[in-house]
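**Q** This is the structure I want to talk about, given as structure tokens.
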Amino acid sequence: NAGVTQTPKFQVLKTGQSMTLQCAQDMNHNSMYWYRQDPGMGLRLIYYSASEGTTDKGEVPNGYNVSRLNKREFSLRLESAAPSQTSVYFCASSEASWDSSYEQYFGPGTRLTVT
Amino acid sequence: AQSVTQLDSQVPVFEEAPVELRCNYSSSVSVYLFWYVQYPNQGLQLLLKYLSGSTLVKGINGFEAEFNKSQTSFHLRKPSVHISDTAEYFCAVSGGYQKVTFGTGTKLQVIP
């Protein structure tokens, strides 16, 4: 039971290049999320998917696109990378538990640098 | 709308001393409150959560938090910290839906 996995762990891009960050979970969760973490700003939600086939914008969606490929996988794409997108990206998943809370389970993160 | 404020960005504390990490929230609906911990170069993991009932919540690694509705606070405490508690701690609030709002984090530095 791997939980939430992310690839790659590290990536360096040049301005204008594109890439896709991959995320997969094996907990059969319906909801999945993409966050970015920047110093002093905590975690900010980029996009989330409440269930397979649906996606919604979060707090900072500009410059990103997402695909909920199936229940397990949720990818984040940067079409034309900018230095402002240098960050650590976390994928998470959740499911309503018996107490109706949505405890989130996080992946190990992807450290992206855009030069 | 919901929001979380963690006023202390860094808290240094000596080993075996007590610590309190402060969190205040605002929400227009009933809330679920969480504390997550992030060890260096890792993702976040849940420390504890408050949903309803007793206002004192116990979590893993000897941490506890107290929900105070009148002060809209959910402070995290530990009576005696260990070097291994050095990490960043995030308070978070949810209105019972999938979306969770995180605070900006507090870095706990335990000094030997």
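**Q** Over chain A, what is the mean sequence separation of C-alpha contacts under 8 Å (at least six apart), divided by residue count, expressed as relative contact order in percent?
**A** The normalised contact order for chain A reaches 35 percent.
**Q** Here is a follow-up. Under a 5 Å amide H to amide H cut-off, with H placed in plane at 1.01 Å, what residues pair with A:Gly58 once short-range neighbours are removed?
**A** For A:Gly58, whose amide H was placed from the backbone, the distant partners under 5 Å are A:Tyr47, A:Tyr48.
**Q** Here is a follow-up. In a Gaussian network model over chain B where Cα atoms closer than 10 Å are linked, find which of B:Ser73, B:Ser54, B:Ser27 has the largest mean-square fluctuation.
**A** Looking only at B:Ser73, B:Ser54, B:Ser27, the biggest GNM fluctuation is shown by B:Ser54.
**Q** Right, next: Using amide H atoms built in the peptide plane, which far-off residues or other-chain residues are under 5 Å from B:Cys23 H to H?
**A** B:Phe74, B:His75, B:Leu76
**Q** If you place +1 on the Cβ of every Lys and Arg, -1 on the Cβ of every Asp and Glu, and leave all else neutral, what size is the dipole of chain B about its Cα centre, to the nearest 20 Debye?
**A** 380 debye
**Q** Still on this structure, please answer the following. Report, in debye and to the nearest 20, how large the dipole of chain A comes out about its Cα centre when Lys and Arg carry +1 and Asp and Glu carry -1 on their Cβ.
**A** The dipole of chain A has a size of about 460 debye.
**Q** The stretch B:19-79 to the stretch A:1-64: how many Å between their Cα centroids?
**A** Comparing the Cα centres of the stretch B:19-79 and the stretch A:1-64, I get a distance of 24 Å.
**Q** Determine the share of the stretch A:3-115's accessible area contributed by carbon and sulfur atoms, expressed in whole percent, with a 1.4 angstrom probe.
**A** That share works out to 50 percent.
**Q** Rounded to the nearest 10 Å², what accessible area does B:Arg22 have for a 1.4 Å probe in the complete protein model?
**A** Rounded to the nearest 10, the figure is 90 Å².
**Q** Follow-up. At a cut-off of 40 Å², which residues of the stretch A:66-115 become less accessible once all protein chains are present than in their chain alone, using a 1.4 Å probe?
**A** By number: A:Asp99, A:Ser101, A:Tyr102, A:Glu103, A:Gln104, A:Phe106, A:Arg111.
**Q** Any idea which of B:Gly59, A:Ser67, A:Tyr47 is furthest toward the positive side of the dipole for the protein assembly as shown, if Lys and Arg beta-carbons carry +1 and Asp and Glu beta-carbons -1?
**A** The listed residue farthest towards the positive side: A:Ser67.
**Q** What size of dipole, in debye to the nearest 20, comes out for the protein assembly as shown about its Cα centre when the only charges are +1 on Lys and Arg C-beta atoms and -1 on Asp and Glu C-beta atoms?
**A** 440 debye
**Q** Moving on. At 1.4 Å probe radius, can you tell me the per residue accessible area of chain B in Å²?
**A** Accessible area per residue: 48 Å².
**Q** List for the stretch A:28-45: residues with 50 Å² or greater reduction in accessible area, all protein chains versus chain alone, probe 1.4 Å?
**A** A:Leu43
**Q** Have a look at B:Ser70, B:Ser30, B:Ser80 and tell me which one the Gaussian network model of chain B (Cα, springs below 10 Å) gives the largest fluctuation.
**A** Largest GNM mean-square fluctuation: B:Ser70.
**Q** Can you tell me the accessible area per residue over the stretch A:4-115, all protein chains present, probe 1.4 angstrom, in square angstrom?
**A** Computed with neighbouring chains in place, this is 45 Å² per residue.
**Q** Summarise the accessible area of chain B (1.4 Å probe, protein heavy atoms) by the percent that is carbon and sulfur.
**A** 50 percent
**Q** Continuing with the same structure: Can you classify chain A as rounded, prolate or oblate using the Cα gyration tensor, where a ≥ b ≥ c are the square roots of its eigenvalues, rounded means a/c under 1.5, and otherwise it's prolate if a/b beats b/c and oblate if not?
**A** The shape class here is prolate.
**Q** Interface A/B, total buried accessible area with a 1.4 Å probe, nearest 100 Å²?
**A** Buried area (both sides, nearest 100 Å²): 1800 Å².
The values are calculated or read from the model by the stated rules, or taken from the named source; none is laboratory data. All figures in this text were calculated on a predicted structure; none of them were measured in a lab. FYI the Cβ positions are ideal-geometry reconstructions off the backbone, even for glycines, and counts take in every protein chain you see. What goes into the accessible areas is simple: the full protein's heavy atoms, side chains included, and nothing from ligands, DNA or RNA. Shrake-Rupley method; radii C 1.70, N 1.55, O 1.52, S 1.80 Å.
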